[in-house]
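What follows is one structure encoded as structure tokens, with my remarks underneath.
FYI, it's all coordinate maths here, none of it is from the lab. In this text, all values refer to a predicted model and were calculated from it rather than measured experimentally. Counting neighbours? That spans all protein chains shown, and the Cβs are built from the backbone with ideal geometry, glycine included.
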Amino acid sequence: MARAVGDRLDLLTVGGRFECPTRGSRWLHPAMLTTLVYRFGPPGTPAARPDRTMANGQCTAFARTPFLAAGGMELVRGDVVEDLALARRLASDGHRVGFLDASELLSVRMFESFGDTWRGWGRSLALPGVEPRRRQLSDLAIVVLAQVLPIPRLLLGRGDVIDVVLAAARLGTLVGTRRAYERNDAAYWSSPLADPVAAVAIARGIARRGRQTWRGRSYA
């Protein structure tokens, strides 16, 4: 709250520390999180433009008067990824929006298992409704080329110096995101092997074009 007031933000969201209770979730969840880092950078990275603003609806602070004046949650009642849609809508309208790391302040428990993570986060990982299809595809290409392929290429003996650099960057990202998780066991450290699964989740979300049912509501 002090940061939101001090920076005169109309909307501030923060990322907490993840509790992943099973090995499957600790293996897949970090790979999915890393796709966001590759696409948008870590929390606190300034957005290049309003339509690339990032947000996390798990912990959100609003300046009440401008938020209600803008229309409140009614602005995004039909969006699957409503937190990101709201942040981008407000940023596009000139409101001050921030997204910061708060892993030392709070923890969240999103999903219980590998299946829960695949179904739950997989529904929104492609950012349906907030990213145009062409940008979804270009972001998927970045994930595949920079995150997914380098390590397998090196393991198969087909890598080059670019793959070495990208693999080192991937491992550096893994070290950097460790504080975002309650447990850093073997499942977490082996999560780069789940990168292809995360990429498939993004591709699946793009192919579905946002059509899905979530918590009793249908989205198109």
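Go through Pro43, Leu140, Met32 and say which Cα lies farthest out towards the positive end of the charge dipole of the chain; charges sit on Cβ, +1 for Lys and Arg, -1 for Asp and Glu. The one lying farthest along the dipole's positive direction is Leu140. Starting from the Cα gyration tensor of region 25-141, take the square roots of the eigenvalues, sort them a ≥ b ≥ c, and report rounded, prolate or oblate (rounded when a/c is under 1.5, otherwise prolate if a/b is larger than b/c, else oblate). Taking the square roots of the gyration eigenvalues as a ≥ b ≥ c, region 25-141 is prolate.
With Cα Rg over 2.2 N^0.38 Å in mind, check (1) 1.32; (2) 1.03; (3) 1.12 and report the label derived from this structure. Given (1) 1.32; (2) 1.03; (3) 1.12, the calculated one carries the label (2). Ordering 183-191, 51-59 by mean Cβ neighbour count within 10 Å, with the highest value first, yields 51-59, 183-191.
Rounded to the nearest 20 debye, the dipole magnitude of the chain is 480 debye, with +1 charges on Lys and Arg beta carbons, -1 on Asp and Glu beta carbons, and the Cα centre as origin. A dipole drawn for region 110-220 from +1 and -1 charges on Cβ atoms has a positive end, and of Gly159, Thr173, Ala203 the residue lying farthest that way is Ala203. Taking the Cα centre of region 1-109 as origin and assigning +1 to Lys and Arg Cβ atoms and -1 to Asp and Glu Cβ atoms, the resulting dipole is close to 200 debye. Quick check: Cα centre of region 74-129 to Cα centre of region 1-70, how many Å? So the separation of the two Cα centres works out to 7 Å.
Available extension along the chain between Arg183 and Asp160 is 5.0 nm, counting 0.36 nm per residue and deducting the alpha carbon span. Each Lys and Arg Cβ is given +1 and each Asp and Glu Cβ -1; about its Cα centre, region 73-120 then shows a dipole of about 120 debye.
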